[in-house]
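Working notes for the structure below.
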Amino acid sequence: MASPAASMPSGGDPVAPAADPVAIRAALTPMLVAEFDREWELVLERAKVSKDLAGIRDLLGKWRHIAYGELRDPGSYYRMLAKAEQVQRLGANPDAVSLEEMKALLRRRQGRTG
């Protein structure tokens with residue numbers, strides 16, 4: 001398996017892998033490769049039965065996004081899963097800001113004060 005650094009050009013910014021299973025797998029950690037492979041086999045079996053490739057395209061899009069996220073910020077996928085579990089368990093996001101705080105932040109970023 002190629003290392004995730006293989007998708008890093010000389011400028012240092014990662015490049016999203018192609019929507020191809022080999023390219024995606026090369027950008028994933030071994031644990032994520034195992035998850036990808038499980039999903040890949042399931043989707044392939046469904047495509048054989050249905051003769052529809054939409055599921056394969058969807059899977060490649062999903063994992064291309066995950067692989068790119070991991071290249072940019074290693075461990076981000078598992079942190080996202082942990083955060084989702086926390087929000088589900090608590091019924092709310094403890095780190096969320098109120099709608100009014102978010103609107104104020106947006107106004108500041110847009111250079112407006114009121």
The chain - accessible surface per residue (Å², probe 1.4 Å): 70 Å²
Note down the net charge around MET102, summing +1 for each Lys or Arg and -1 for each Asp or Glu among other residues with Cβ under 15 Å from its Cβ. +2
As I understand it, the value is the acute angle between the Cα axis of helix 76-90 and the longest principal axis of the Cα atoms of the chain; what does it come to in degrees, rounded to 10? 60 degrees
Taking the chain, how many lysine pairs are there with alpha carbons less than 27 Å apart, if each pair must be eight or more places apart or span two chains? 4
Summarise the accessible area of the range 41-97 (1.4 Å probe, protein heavy atoms) by the percent that is carbon and sulfur. 57 percent
Roughly speaking, what is the centre-to-centre gap between the range 68-104 and the range 24-44 when only Cα atoms are used, to the nearest Å? 23 Å
Taking the chain as the reference, fit the longest principal axis to its C-alpha atoms, fit the long axis of helix 54-72 to the helix C-alpha atoms, and give the angle between the two in degrees, 0 to 90, nearest 10. 60 degrees
Determine ³J(HN,Hα), in whole Hz, for all residues of the range 31-45 in sequence, where each value follows from phi through the Karplus function 6.51 cos²θ - 1.76 cosθ + 1.60 and θ = phi - 60°; x replaces Gly and Pro. 5, 6, 4, 4, 5, 4, 4, 4, 5, 4, 4, 4, 5, 4, 4
Could you work out how far helix 99-109 tilts from the main Cα principal axis of the chain, as a 0 to 90 degree angle to the nearest 10? 90 degrees
Taking Cα extents along the principal axes in Å straight from the coordinates, which label in [x] 48, 34, 17; [y] 48, 43, 23; [z] 56, 40, 25 is the correct one? [z]
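The values are calculated or read from the model by the stated rules, or taken from the named source; none is laboratory data. Source: prediction; values computed, not measured. Neighbour counts are summed over all protein chains in view; Cβ atoms, including those assigned to glycine, are modelled from backbone coordinates with ideal geometry. Please note that ligands, DNA and RNA were not included when accessible areas were found on the heavy atoms of the full protein model with its side chains. Shrake-Rupley method; radii C 1.70, N 1.55, O 1.52, S 1.80 Å.
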